[in-house]
Amino acid sequence: MSGNMEDRDGFIWFDGNILPWREVKAHVLTHALHYGSAVFEGERIYDGRVFRLAAHSARLINSARLLDYDLPWSREQIEEATRAVVKANNLQTGYVRPIAWRGSEVLGVSAIGTTVHLAIAPWAQEGRLSVQVKPGGINVTMAKYRRPAPDVAPGGAKAAGLYIVCGIEKDRALKAGFDDALMLDWQGRLAESTGANVFLAIGGKLVTPKVENFLDGITRRAVIGMAARRGWAVEQRAVLPEELAEASEIFLCGTAAEIVPVGAIDGQHYQVGPMTRALMEDYIRLVRQPDSEGFGESAHFDTGLSAAA
């Protein structure tokens, strides 16, 4: 199979039909290509089931609404379509990319008058997808760009246009010999990495930035739930960059990354400690539970109003 994502065997669900992979096309004048109005999800298949499928599908709908358009499919229909296309590709382990976008009927800043499309593309993939984990943890640097303020962009949406600064910072980190970059928010507080949430172990408890205009990740919610089952306190609060020096352990978490220990941030070294190791083991068990397709421990996403979903 070719490494080119366009030239692959398999099937993609596209606007209600399961089509051969190579037949699914979007026009070059699609609104989303020019103005970043696509919304998407990243999902993982474990033992033939999509982990937290309901939560991902709800967040996709919510992301579109935050960009002022509605998907013409319900959460249940999106879930049914996802299961169908995973089955069509005969996948037990893999990655799923649902993406919705506004079409090519109108090309201009306004997308009024465009149709809305949805594609769901799954493929075989094992292991962590965003970084290669090293025995001592990954090597991270601090990003130059910051996450936008809530009066600048709808940071609760998983929208294509909001990832431009993440892509720039990820490339900058890789070119400089790092594995990823940590981003601050508009107030100079710790926010997230270029594609994952961050947790710090400080004084025997876990600390994670309070969600303010960046994604409250589905894996982040899972980590909070796993920590609670172990009886560990989790503080969700403003985290200043100086507190990185106080942490004994740091890890990133996300659908693609799963749980990834951080070994160093710009020369400051950290252990891959007992809390991180325990949560990595707990996560492996969690994603393979028979009921893992649901919303999980935390309150499910508000598909109408919540900007923090």
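The values are calculated or read from the model by the stated rules, or taken from the named source; none is laboratory data. Small disclaimer: the values here were computed from a predicted structure and weren't measured. Counting neighbours? That spans all protein chains shown, and the Cβs are built from the backbone with ideal geometry, glycine included. All accessible areas refer to the heavy atoms of the entire protein, side chains included, with ligands and DNA or RNA removed. Shrake-Rupley method; radii C 1.70, N 1.55, O 1.52, S 1.80 Å.
Structure data summary
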{"read-out": "Of residues in segment 265-281 being of a type in the set (A, V, I, L, M, F, W, C) and outside any loop (DSSP other than H, G, I, E, B), the one surrounded by the most Cβ atoms within 10 Å (Cβ to Cβ)", "value": "Leu279"}
{"read-out": "Number of the exception - Ile45 against (1) in a strand (DSSP E or B); (2) surrounded by fewer than 17 Cβ atoms within 10 Å (Cβ to Cβ)", "value": "(2)"}
{"read-out": "Among the residues listed as Met183, Met142, the single one being in contact with a strand residue (DSSP E or B) (Cβ under 8 Å, 6 or more places away or on another chain), of a type in the set (A, V, I, L, M, F, W, C) and surrounded by fewer than 17 Cβ atoms within 10 Å (Cβ to Cβ)", "value": "Met142"}
{"read-out": "Residue match in segment 233-254 (condition: touching a residue at least 40 places away in the same chain (Cβ under 8 Å), within 15 Å of Asp282 (Cα to Cα) and outside any strand (DSSP E or B))", "value": "no"}
{"read-out": "Every pair of residues 6+ apart whose Cβ atoms lie under 9 Å, when the first sits in segment 163-184 and is over 17 Å from Pro261 (Cα atoms) and among the β-branched types (Val, Ile, Thr) while the second is in a strand (DSSP E or B) and open to solvent by less than 70 Å² (accessible area, probe 1.4 Å)", "value": "Val165/Met183"}
{"read-out": "Check on Arg128, open to solvent by 60 Å² or more (accessible area, probe 1.4 Å), at pLDDT below 95 and either touching a Leu at 6+ places or on another chain (Cβ under 7 Å) or assigned to a loop (DSSP other than H, G, I, E, B) (or both)", "value": "yes"}
{"read-out": "Any hit, segment 209-231, residues being assigned to a strand (DSSP E or B), on the phi < 0 side of the Ramachandran plot, touching a residue at least 60 places away in the same chain (Cβ under 8 Å) and over 16 Å from the mean Cα position of the chain (by Cα)", "value": "no"}
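Residue by residue, here is whether (1) free of Cβ contacts under 8 Å to residues at least 60 places away in the same chain; (2) touching a helix residue (DSSP H, G or I) at 6+ places or on another chain (Cβ under 7 Å) holds:
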site: Gly3; (1), (2): yes, no
site: Glu43; (1), (2): no, yes
site: Arg65; (1), (2): no, no
site: Arg75; (1), (2): no, yes
site: Asn89; (1), (2): no, no
